[in-house]
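Notes follow once the structure below has been shown.
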Amino acid sequence: MTETDVEIILERAKEKYPEARPRIISDNGPQFIAKDFKEFIRISGVTHVRTSPYYPQSNGKLERFHKTIKTECIRPGVPLSLGDVRRIVEKYIVHYNTVRLHSAIGYVTPVDKLNGRDQEIFKERDKKLEEARELRKQKRQKAIPEIMRSAEHHTHLERTA
């Protein structure tokens, strides 16, 4: 992801959610305390929260993402070089954001959520669910007379026996 990509994403997010106050949660790595990064944070209006040193649990979401990357991406891919790792991770991040459904946001992709398609998807799901319920109801209503006829037939056979 390039600097331009980050700028575009931030601008789109600001346009879509003007009331949101974005924040970056990070450890205390040198890249997060560098002068350029601090300037970026100041200009972009993002809040920077640093986690406690030597306590990865304070950044649970990122730690969970790292676990997901390891289990779903790196281990199955068996990278042979740093270049392989980069290609595998880049490909996986595209998958993670555009294909993989996320339970925390209603089983839609982050791209669908960012582009506002999540509500449309929820409506489609609700419509399909209602159609399935109606179909089951119709099948039950058709089955009741058949069950009654079958019961009457068995009762008749028992009486004649």
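What follows is calculated from the coordinates using simple rules that are stated; it is not laboratory data. Small disclaimer: the values here were computed from a predicted structure and weren't measured. As a convention, Cβ positions derive from the backbone with ideal geometry for all residues, glycine included, and neighbour counts pool all protein chains shown.
At 0.36 nm per residue, minus the direct Cα-Cα distance, what do Leu10 and Ser44 gain on full extension? Give it in nm, one decimal, please.
11.4 nm
Not counting the cut sites, what is the longest span of the chain without chymotrypsin sites (Phe, Trp or Tyr not before Pro) that DSSP labels loop and that have at most 14 other Cβ atoms within 10 Å? Can you show the working numbers first?
Details: sites that count: Tyr54, Tyr107.
Result, exposed sites excluded: 108-161.
In region 1-99, with Lys and Arg counted as +1 and Asp and Glu as -1 at Cβ, which of these residues, Tyr17, Pro53, Pro76, has the Cα nearest the positive end of the dipole, that is, farthest along it?
Of the listed residues, the answer is Pro53.
Pop a pseudo-label 7 angstrom from the Cα along the beta-carbon direction at both Ser81 and Arg21 and give the gap in nm to one decimal.
4.8 nm
Suppose R0 equals 41 Å. What FRET efficiency, 1/(1 + (r/R0)^6) with r the Cβ-Cβ distance, do Arg117 and Glu152 give to the nearest 0.05? Could you put the intermediate results ahead of the total?
On the way: r = 53 Å, r/R0 = 1.29.
About 0.20, to the nearest 0.05.
Pick out which of Gln138, Gln31, Gln119 has the largest mean-square fluctuation in a Gaussian network model of the chain, springs linking Cα atoms closer than 10 Å.
Gln138
If you put +1 on each Lys and Arg Cβ and -1 on each Asp and Glu Cβ, how big is the dipole of the chain around its Cα centre, in Debye rounded to 20? All intermediate terms of the calculation are to be shown ahead of the outcome.
Numbers: 32 positive and 24 negative charges, 87 e Å.
The calculated dipole for the chain is roughly 420 debye.
For region 1-155, evaluate the Debye formula with one uniform point scatterer on each Cα (no solvent term) and list log10 I(q)/I(0) at q = 0.16 Å⁻¹, rounded to two decimals.
-1.17
Taking springs between alpha-carbon atoms closer than 10 angstrom, which of Pro18, Pro79, Pro110 fluctuates most in the Gaussian network model of the chain?
Comparing Pro18, Pro79, Pro110 in a Gaussian network model of the chain, the most mobile one is Pro18.
Of the trypsin sites (Lys or Arg not before Pro) in region 1-92, which ones lie in a loop per DSSP and count no more than 13 other C-beta atoms within 10 Å?
none
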